[in-house]
Every structure is written in structure tokens, then in C-alpha cells.
Amino acid sequence: MLHENKNAIRLITIGEVCEKIRVKKSWLYERMKNDPDFPKKVKVGGSTRFVEQEVDNWIVKCIDESR
């Protein structure tokens, strides 16, 4: 389960993910395609979103692995 409090779930756009980790969309698309640890996208209507907490967890994992 992602969250015990479902009201806390926040979906963010591809642009917001790029902004959060300071990368270009091309880099993000490459991660989405080739990195099995990268957070999975969520389709909402015709839009692609990410669960913000999953992105944050991935960032923390990257930091931990780099140290």
C-alpha cells in the first residue's frame, strides 16, 4: 500500500518531476524506459502523472546509493 492516508496522495506531472530532480524530459523518458527502479507512471484520463511520494522515495534511494 502506498499510503495509509489516501487523502495524502499527490499526483504530479512529468514537468513537475523534471523540475523536482532538475533534469530534462529526455533524461526522464530514458529513466522511465530503462530503469526498473524508477517510479511507474499513472494514467489519469489522457494525462501521465507520478505519485509524488514514490518520486521522493526514489530520490532518497539515489542519495543513499551515492554515499
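Throughout, read-outs are computed from the coordinates displayed, never taken from laboratory work. All values reported here derive from a predicted model rather than from experimental measurement. We place every Cβ from the backbone using ideal geometry, glycine too, and count neighbours over all the protein chains shown.
Amide H contacts for Arg10 (H built 1.01 Å from N in the peptide plane; partners 5 or more residues away or on another chain; cut-off under 5 Å): Glu52, Gln53. 3J(HN,Hα) couplings calculated from phi for region 8-15 with the Karplus curve 6.51 cos²θ - 1.76 cosθ + 1.60 (θ = phi - 60°) are, in sequence order, 7, 5, 10, 9, 10, 7, 4, x Hz; Gly and Pro show x. Taking a sphere under 14 Å around the Cβ of Cys18 and counting the other residues whose Cβ falls inside, with K and R at +1 and D and E at -1, yields a net charge of +3.
Applying the criteria of a DSSP loop state and at most 10 other Cβ atoms within 10 Å to the chymotrypsin sites (Phe, Trp or Tyr not before Pro) of region 11-67 yields no site.
Coupling constants for region 53-67 follow from the phi torsions by the Karplus curve (6.51 cos²θ - 1.76 cosθ + 1.60, θ = phi - 60°), and in residue order they are 5, 5, 5, 4, 5, 5, 4, 4, 4, 4, 4, 4, 6, 8, 9 Hz; glycine and proline get x. Projection of the Cα convex hull of the chain, averaged over all directions and equal to a quarter of that hull's surface, yields 5.3 nm². If R0 is taken as 25 Å, the Cβ-Cβ distance between Arg10 and Arg67 corresponds to a FRET efficiency of 0.40.
Our coupling estimate for region 30-41, obtained by passing each phi through the Karplus curve with A = 6.51, B = -1.76, C = 1.60 and θ = phi - 60°, is 5, 4, 4, 7, 10, 10, x, 8, 5, x, 7, 6 Hz, Gly and Pro reported as x.
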